[in-house]
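Colleague: Okay, here's the structure, questions in a sec.
The values are calculated or read from the model by the stated rules, or taken from the named source; none is laboratory data. Given the structure is predicted, the values throughout are model-derived calculations rather than measurements. Cβ: placed from backbone, ideal geometry, glycine included. Neighbour counts: every protein chain shown. These accessible areas exclude ligands, DNA and RNA; they are computed on the full protein's heavy atoms, side chains included. Shrake-Rupley method; radii C 1.70, N 1.55, O 1.52, S 1.80 Å.
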Amino acid sequence: MGLNEKKILHAIEEDMNVQANMVIDVVKHEIETMHDEKIHSFERGLKNETETYLERQMSDLQLQAKTRVSQDRLKKRRDLLKLRQEMTASLMDEVSQKVKDFVASDAYQGFLEQHLDLVEVGSGYFLVSERDVSLMEELLKKRGLLNEVRTAYFAFGGFRYVDEEERFEYACDLSERLQDAHAYFLRNSNFTFAKGGVDDE
């Protein structure tokens, strides 16, 4: 092989080496680019997953906190309602005993007389408890009245006057007064539940 042929082969070899190095550089660059994109894609995905996970965790924590607050509020409402019921029952027991004591006292006769004076008595009849029959007959006799006295159930005492002809009725029932007092207490006790919370004024 001549000198010229060797130079040509050497030039071709060098050119091929240059071309090969260029291809290798391009391939390396593409690999690095793909590698960077993969890493960025992975980082973005990881970031999105982390944010989603954190949002879910935060949402769960907020829900748990709201549930706990709601349960605490409900428990407080129940406790206060129970306390109110106990206080009301205690108060009503005390008032009931005072009413019973009043009925057993001399002032009870004056109470009946005061209410008898408010009744326009005609041909009707009176209803009283069994224990008050003789007392009512005595009070009517004092007023010159001969109306019939019948027995009926009264939790505490009092009377009812019924005039069927005139379609008139007058009630002086101590249990009704006690119920009215109970309703008044519930309306005016300043111990009410507000929407979304508890007011203890």
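Colleague: Out of region 60-97, which residues are more than 13 Å from the chain's Cα centre (by Cα) and either surrounded by 13 or more Cβ atoms within 10 Å (Cβ to Cβ) or touching a residue at least 60 places away in the same chain (Cβ under 8 Å) (or both)?
Modeller: Within region 60-97, 84, 87, 88, 91, 92, 95, 96 meet the criteria.
Colleague: I'd like the full set of residues that are under 50 Å from the mean Cα position of the chain (by Cα), surrounded by fewer than 18 Cβ atoms within 10 Å (Cβ to Cβ) and within 16 Å of residue 157 (Cβ to Cβ), limited to region 120-134.
Modeller: Hits for region 120-134 are 130, 131, 133.
Colleague: Is it fair to say residue 140 is over 47 Å from the mean Cα position of the chain (by Cα) and free of Cβ contacts under 8 Å to residues at least 40 places away in the same chain?
Modeller: Criteria met by residue 140.
Colleague: Here is a follow-up. Take region 98-119 and flag every residue that is of a type outside the set (S, T, N, Q) and either in contact with a Pro (Cβ under 9 Å, 6 or more places away or on another chain) or open to solvent by 50 Å² or more (accessible area, probe 1.4 Å) (or both).
Modeller: Within region 98-119, 98, 100, 101, 102, 104, 106, 107, 117, 118 meet the criteria.
Colleague: Among the residues of region 26-38, is there at least one that is assigned to a helix (DSSP H, G or I), exposed (fewer than 10 other Cβ atoms within 10 Å of the Cβ) and of a type in the set (D, E, K, R)? Reasoning before the result, please.
Modeller: Here is the first cut: in region 26-38, the residues assigned to a helix (DSSP H, G or I) are 26-38.
Now narrow it down to the ones that are exposed (fewer than 10 other Cβ atoms within 10 Å of the Cβ): none.
No: region 26-38 contains no residue that is assigned to a helix (DSSP H, G or I), exposed (fewer than 10 other Cβ atoms within 10 Å of the Cβ) and of a type in the set (D, E, K, R).
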